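Taking it in order: structure first as structure tokens, then the write-up.
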Amino acid sequence: MTDVLRRPTDLHERDRRRRLRTPSIRALRWMIVVLLVAGGVSFIVKGSDRPRDPYLALPGRQRVVGFGEIAYRVNRLPNAARCALLAQTAEQQGRGLMNQRSLSGYDGMLFLFATDTTAQFYMKDTPLPLSIAWFDSGGRFVSSADMEPCLDRPQCPTYGASAPYRYALEVPKGGLTTLGVANGTVISVGGPCT
């Protein structure tokens, strides 16, 4: 039986390899820790205060700055809650869908007035062709119209309801048919979108 003696160079070589490998593993671990800490600090400093007005939109919808949202139901579509942008203040109602190229995932825009009105609508600077339906204070259908974009013209046609109304619903042109909005339609308005 012979004893195998390890040569000193083999031991030194193995120690040298271990020393080379150990610092690289330690350095990798430290780099991971530093990155995690830096990411956490970055989130706290930058991520937690942006945006100033946080808003949790439902999938498929994007917030339109300056407008809220409201749920509504059409009696001809039972249990089918819809979601519209809400124009409730005079400023919101005056701006409407001007300069909007899409409804950002909403079914339309609902104009809610505090009292019955006969105010007319126009399409100045509104690139989307729209259909509009007016409803009285009980949510009963009053009348509707299709409205064409009016861009870069000083005079735009106006569109008005056939009688005083409390709500006006703007949707993409032709969309009233999809919603079942016509004579005899009743809408109920209110609550959060789901």
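A full extension of the chain between ARG95 and ALA145 corresponds to an added length of 16.1 nm, given 0.36 nm per residue minus the alpha carbon distance.
Placing a pseudo-label 7 Å from each Cα along the Cα-to-Cβ vector at VAL65 and GLN88 gives an inter-label distance of 2.2 nm.
Note the full-extension length gain between THR117 and SER188 as 0.36 nm times their separation in residues minus their Cα-Cα distance, in nm to one decimal. Before the final figure, lay out the partial values.
Numbers: separation 71, 0.36 × 71 = 25.56 nm, distance 1.82 nm.
Result for the pair: 23.7 nm of gain on full extension.
For the stretch 68-189, the residue among PHE135, ASN75, ALA182 whose Cα projects farthest onto the positive side of the dipole built from Cβ charges is ASN75.
What FRET efficiency would be calculated for the residue pair LEU28, SER104, taking the C-beta separation as r and a Förster radius of 25 Å, to the nearest 0.05? Don't jump to the answer; show the numbers that get you there.
On the way: r = 45 Å, r/R0 = 1.78.
Given R0 = 25 Å and the Cβ-Cβ separation, E is 0.05.
Here the stretch 78-155 has an Rg and Dmax of 13.1, 43 Å, counting Cα atoms alone. Close amide H partners of VAL142, meaning residues 5 or more places away or on another chain with modelled amide H under 5 Å apart, are TRP134, PHE135, ASP136.
Only the coordinates and a few stated rules stand behind these numbers; no lab work does. Remember, predicted model here, so these are calculated numbers, not experimental data. When we count neighbours, we look across all protein chains shown, and the Cβ atoms used for this are built from the backbone with ideal geometry, even at glycine.
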